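Data block below; observations after.
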Amino acid sequence: MAQVFLGWGLVSALAAAGGLLAPYIYYVRRHGRRRAAVQEGLIEAIEQVRDAIRTGLSIQDALAGLGHSGPSALRSEFVTLSREARLLGFGAALVAMRDRLADRCSTSWSRR
């Protein structure tokens, strides 16, 4: 109320609006950077898996190797995939990885 009486109401309103919008803007920018890093990492990972299969490795071994030498943005995901493949089975681990990496804003495939 003192802000209104002193004539600072507009400044306070603008500061409040900025304070409310700042986290949203931060989240949107961070999500965009993460999405771009994942998409670039997936391209690199697919190329590495292709090359590993050409050298005679199985798909599971190639994906497990990406946990050590894959794109840095996805390395932890491939370590998790390898661990879950041993515990849950390869198919279930792939589905779980797909769900973790899914872009909630643009996914159009059906989930099973």
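The values are calculated or read from the model by the stated rules, or taken from the named source; none is laboratory data. Note that this is a predicted model, so its numbers are computed, not measured. Here the Cβ positions follow ideal geometry from the backbone for every residue, glycine too, while neighbour counts run over all protein chains shown.
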Among the residues in region 58-65, are any within 28 Å of HIS31 (Cα to Cα) and in contact (Cβ under 8 Å) with a residue 24 or more places away in the chain? no
Does GLY91 satisfy the criteria of being small (Gly, Ala, Ser), over 16 Å from the mean Cα position of the chain (by Cα), surrounded by fewer than 12 Cβ atoms within 10 Å (Cβ to Cβ) and not in a helix (DSSP H, G or I)? no
Answer with yes or no whether LEU21 is surrounded by 11 or more Cβ atoms within 10 Å (Cβ to Cβ) and at pLDDT 90 or above. no
